[in-house]
Every structure is written in C-alpha cells, then in structure tokens.
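The values are calculated or read from the model by the stated rules, or taken from the named source; none is laboratory data. Just so you know, these numbers come straight off a predicted model, no measurement behind them. FYI the Cβ positions are ideal-geometry reconstructions off the backbone, even for glycines, and counts take in every protein chain you see.
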Amino acid sequence: MPTRHQGVRFRGVGDPVLYLSNSPGMSQDTRRHILDDIARLNELKQSEFGDPEITTRIAQYELAFRMQTSVPELTDTSREPEHIFCLYGEDARQRGTYASHCLMARKLVERGVRFVQLFHRGWDQHKDLPGDLRVQCQSTDQATAALILDLEQRGLLDETLIVWGGEFGRTTYC
Amino acid sequence: MIRDQALALSGLLGESIGGPSVKPYQPAGLWEEIAGGAMSAYKGATSRTEVLILCRRSLYTFWRRTIHPPGMEVFDVPSRETCTVRRERTNTPLQALALMNDLTYVEAARALGRRLIREGGSTDDDRVAFGFRLSAFGWLPRDDRLPACREAEHGGLAFVRIGDGELRSAYLRGNDLELEKGRPTSVQAIVGKWVLADAAPGSEVSGCR
C-alpha cells in the first residue's frame, strides 16, 4: 500500500501527538502560507522525479496541518455527557486508560478514520492468576462492550469490522 | 542526519569532537511521564560556546533505554535492542509536525533566516540563490524553481518586516512560554536577538535574556 496510508501512533501518556502546537508568534495563517510554499516546491520536485513518496510527503504536511486542530478536539472528553462515562466506566475520564482509548476509538470512527487499533498489555501472568486476570479483565471488559454498543447506537457498527485478538494467554492452571 | 543538516545550514552546529553526551531539546515533561522518569533535565546555554555544545551532532545525544529521543523516534530511529540491518522508513504527519514545531528546527530556521539576510546579498534573487546553494549541496536554483522560491522568501521577509509586531517578535525572539518552565530559554534568546537585530533594525531587543 502507498505510504500515505501509514498509521499514526498516539502516545498513551501525556500529549497523544508531539510537536502539535505552533511556536508562539506563528499563526495558522502564516503556517498556511508556509505550507503552500513548501507544497509548490514539492510539486516541482514531484513533476521532475515522479516519486510517490513526494506525493505522500505533500499529503502528510496537509494532514499535519489538520491534526493541529483536530487532535486536541479528539482527546478532549470534557464535552462527553455523563451517560457516556456510565457506559465506558469511570476510567474513561483518565487519559491513558484502556477505557479512554475505547472512547477515543469511537470518536475516531465517528470522524471517518478507517482503521483504529487499540492495545492492552500485561497479560504475561506467572503467578496469582485469579487476582491478576481479574484486574486485566476488569479494565478491558466494560470498555470493550461499551465501544461496540456505542458504535451500534450511532449507526456505525453495521459498517465497522471489529477484530478482537490476542497474542498471549495462559490456561487456568498456568 | 536531518537535525545535523539543519544545524549545519543555520550555522548553529557545534563541531567539537568527543566529550560527554548532551541533551538537546525535547517536549517538556516527557521524562517525567514514565516510571522512574525524573532525571536531571536539560541544561540551558548562556553563551555562544554553550550554544555550540548544545547543538553538537546528534551522535552525541544522551540516550535513555526506555524512552528514546523523540525527535529521532518520529524519524524511525532503531530501538538499539537488537542489531538493525535495515532501518524502517515511514512517511507520516508526525514528521511534518516535528519539522514545523520542534524547537530545534524553529531555532535553526531563525538562524538560517539570519544568515540569508546577512550573507545572502541584497536582492531577493540573491538571497534565494544563496539559500538554495546552502541547502541543496551547492546547486543554484533552476529557472523553473525561482518563482516559487522567490515567493516563499518574500512571504518570509514580509512576515519579518511588516508582520504583526507582537507576533513577529514573539516568533523571532523565541520567547517560548513553555520553555520557561524549567527549559533553557537562552539559546533561543541568543539566536532570537541576532535575528531581531538583523531583520528589523531598531526593534526592541532588550527583553531578551
């Protein structure tokens, strides 16, 4: 697949995307002009070499520009109504939790993002399985169900394929 | 490579060989986010000599095993956990954002702008040719590139000379508020002072530290 379809990995702690804010004094207008100038030079280069990576680069600058406004809005959960947090669980209020990632996944799908991948780590248990697995399941169970329900109630589930998989597991007897 | 190139072009690259590692800019709070995070943070620079130390080649970057230098990470730096025969190459908007807003490049852009104004000659075309030759391995821009370059240069100069006063000095001086929270402001201020003094004669520079 062409590289313009490459994914962007959000960070789980702190800002999801680094370098998002302009330096003080740099307005979005000025930024727009700069990106237009860069695009013109890149297009000249592209017409000379025909390298698809240059086309991708042009597109990624545009995506970066749009992300500067869309990402803060995406990660802001303060406008979500109370019943959403009942659905996903209280964890969803806290950045970096699996529940908050599920909520973010719904918002991404809602905004037309075509592929979303969520990770949950820490399934390599060696002892205390009844205790550890309970914790792991607690932090994934409700939020995962919530994501599916939420997609359904927004009429998005019929066009969304959900794949649930793991690359690690233990039997109940270790 | 990209960082080194930016520093070299802008004249900020420190060329000393050997010696202790340095900690270049990275977004505030990054190390504090991870377990056992807080470490002695960045030391600012207060003189030209210290600027040159902070802006040494990326080879000398201080390295933490669990959290890689973010400016390198977006450009696919290997984790160093195993040997890497072939480095991954991605082409993502994160790289565009880093080039736009990573302080390293903002500062290099300021310093390069200063070079163009000081050393590039008196006409737009001269400066464009000078900038092009610096960044494109000695080539001169071909005629079909000139209009685009000229316009870009013109836009940049217009921003510097007749742009909104407050925004302009904030940008050129590099008085980043974020930086003030325990980050070094002085390299910025030094570079900003040069640029302001050269680009907009008579501008207020006394606010620089």
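Key figures for this structure:
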quantity: Enumeration of residues in the stretch A:6-35 that are within 27 Å of the chain's Cα centre (by Cα), surrounded by 14 or more Cβ atoms within 10 Å (Cβ to Cβ) and part of a helix (DSSP H, G or I); calculated: A:R31, A:L35
quantity: Counted residues, the stretch B:125-141 - those being surrounded by fewer than 18 Cβ atoms within 10 Å (Cβ to Cβ), at pLDDT 70 or above and within 14 Å of chain A (Cβ to nearest Cβ); calculated: 1
quantity: Helices (runs of 4 or more DSSP H) lying entirely in the stretch A:52-166 (those with 1 or more residues that are surrounded by 18 or more Cβ atoms within 10 Å (Cβ to Cβ) and in contact (Cβ under 8 Å) with a residue 60 or more places away in the chain); calculated: A:82-88, A:98-110, A:129-153
quantity: The lone exception for B:D76 - which of (1) outside any loop (DSSP other than H, G, I, E, B); (2) at pLDDT 85 or above; (3) among the acidic types (D, E) it fails; calculated: (1)
quantity: Conditions (1) more than 10 Å from chain B (Cβ to nearest Cβ); (2) at pLDDT 85 or above; number of the one not met by A:Q28; calculated: (2)
quantity: The stretch B:90-123, residues that are of a type in the set (D, E), part of a helix (DSSP H, G or I) and either surrounded by fewer than 22 Cβ atoms within 10 Å (Cβ to Cβ) or facing another protein chain (nearest Cβ under 7 Å) (or both); calculated: B:E119
